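Worksheet: one structure, shown below.
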Amino acid sequence: MAGMCVPPRLRVSYGYKRLVKEIFPRDVHSSEVNAREMEKLTVYALTNTDKLAKIGLYIERRVGKKFARKEYGHLRCAIGVLHNLMLACHIDLRLFADSVVRLTKFLLRQMEAPQLQILGCETLSKFASTQEEAGQVGALTPFVDDLVRLCHDTQSNPDLRLQIREAALRAVMVLVQIVDSSLSEQLGKLMPGVLTNMNVPSGGDDSDRRVREVAFRLFADIARTLRPAIAPFILKPLFGYLDGNNCWSQGRQGNFVLETLQHLMNAMLPQHNYLIFLEMQERCAACARRGADPQVALCTARAVGTVASLVRGAP
C-alpha cells in the first residue's frame, strides 16, 4: 500500500480471515457492513484477544488491496470493521493500536482522495475516544501536523473543503478534551487553524456556519485549559493571529476580535482572567505611542471594555 509500512506477513488463522471476508458486501462499491457477520467477528475477537494484532494486520492488507483497485466502498467497509473493533475491544486496544495508527496516517495523507482524509479524521476521533490507558496518549500527538494541514485545506470545491476542515476540527476537539496536558506544546500549531475557521464569514451557507460553530466550540475547549503554565502556547498564537491579520480595526475584523475575546473570557477559569489583562496592557501601551493608528486604538479600547465587563472575580 502506497504510503504505508505494514510489518512482515504473519501467519493468521483461517477462522477470522473467513469472518472478516463475510462482513463485506458483494458489491465492491458498497460500504455497508454485514451486521450479523460483524457480531460474529466481535465475539471471536473478544474471546481470542491474542488474535487482535493479526486481525488488525489482516484489515490493513485488505485496505491496501481495496485502495489499489479503487474499490472505495469495500475500503470504507474495512475501516468500519476497524471502528467496530475499537469500540468493542477498547480495553485491549493496545494489542492492535499499531494497525489503527498506520491506517489512520494513511487515510489522512491521501491528498488525491479527499474523502479518505475525512474518513481518517473520523477514525482518529474514534481512536482517541477509546483511549483507556495513559500510556496510549503518546500515539495521538504525531497526528497534530496532519490535522493542522487539514484545518487549512484549500480544495477548489468549497463544499469539500469545508467538510475536510470540519472533520479535522472535530478530531482536534477530541484530542484537546482527552490529552490537554500533553498537547499543550502543540497548541501553537493548532491555534492558527482554529482561528482561521472561526474567522470565516458568518453570512455564508450552511457549511460555513457549521465549520465556524465547530471552530468556536473547539476554541472554548482550548480556553478551558488556559492556565499560567500553558498561557504562552495559547495567547501568543492568538494575539499573533489578530496582529498578523490586521484584526485590530473597525468593521467585521474588529468585531471578530471582540467576539473572540468574549468566548475566551466566558470559557476560561475566572482566576486566570489577569492573563488576558496582561496581554491587553501591552497593546494599550502601544496605542498610546505617537503615530499609533487611531482605528487600532479605538478597537483596542473597545476590547478592553469587553474584557472588563466579563470579569468574574478579581483580575
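The values are calculated or read from the model by the stated rules, or taken from the named source; none is laboratory data. Being a predicted model, the structure only gives us computed values, none of them experimental. A quick note on method: Cβ atoms are made from the backbone with ideal geometry, for glycine too, and the neighbour counts reach across all protein chains shown. For the accessible areas, the whole protein counts, side chains as well, though only heavy atoms, and no ligand, DNA or RNA atoms are used. Shrake-Rupley method; radii C 1.70, N 1.55, O 1.52, S 1.80 Å.
Identify, from the list D98, D159, D145, the residue that is among the acidic types (D, E), under 14 Å from the mean Cα position of the chain (by Cα) and surrounded by fewer than 17 Cβ atoms within 10 Å (Cβ to Cβ).
D145
Can you name every residue in the range 275-312 that is assigned to a loop (DSSP other than H, G, I, E, B) and within 18 Å of H263 (Cβ to Cβ)?
Scanning the range 275-312 gives L310, V311, R312.
Hey, among the residues in the range 219-247 that are assigned to a helix (DSSP H, G or I) and in contact with a Ser or Thr (Cβ under 9 Å, 6 or more places away or on another chain), which one's surrounded by the fewest Cβ atoms within 10 Å (Cβ to Cβ)?
Of everything passing the filter in the range 219-247, A229 is surrounded by the fewest Cβ atoms within 10 Å (Cβ to Cβ).
Is there any pair with a first residue in the range 260-285 that is without any contact (Cβ under 8 Å) to a residue 40 or more places away in the chain and a second that is surrounded by 15 or more Cβ atoms within 10 Å (Cβ to Cβ) and small (G, A, S) whose Cβ atoms are under 7 Å apart and which are 6 or more apart or on different chains, and what are they?
Correct list of pairs: M280/A303.
Test each condition in (1) open to solvent by 70 Å² or more (accessible area, probe 1.4 Å); (2) charged (D, E, K, R); (3) under 27 Å from the mean Cα position of the chain (by Cα) for R289 and report the one that comes out false.
(3)
Which of (1) in contact with a helix residue (DSSP H, G or I) (Cβ under 6 Å, 6 or more places away or on another chain); (2) open to solvent by less than 20 Å² (accessible area, probe 1.4 Å) is the odd one out, the single condition A113 does not satisfy?
Only one criterion is unmet by A113, namely (1).
From the residues in the range 39-70 that are outside any helix (DSSP H, G or I) and in contact (Cβ under 8 Å) with a residue 12 or more places away in the chain, which one is most open to solvent (accessible area, probe 1.4 Å)?
Within the range 39-70, the match that is most open to solvent (accessible area, probe 1.4 Å) is R69.
Looking for something hydrophobic (A, V, I, L, M, F, W, C) and over 16 Å from the mean Cα position of the chain (by Cα) - is there at least one such residue anywhere in the range 107-126?
Yes, that holds for at least one residue.
Output the helices (runs of 4 or more DSSP H) that fall wholly within the range 100-218 and possess 2 or more residues being within 21 Å of K236 (Cα to Cα), modelled with pLDDT of 90 or more and touching a Gly at 6+ places or on another chain (Cβ under 9 Å), or say none.
144-151, 158-178, 187-198
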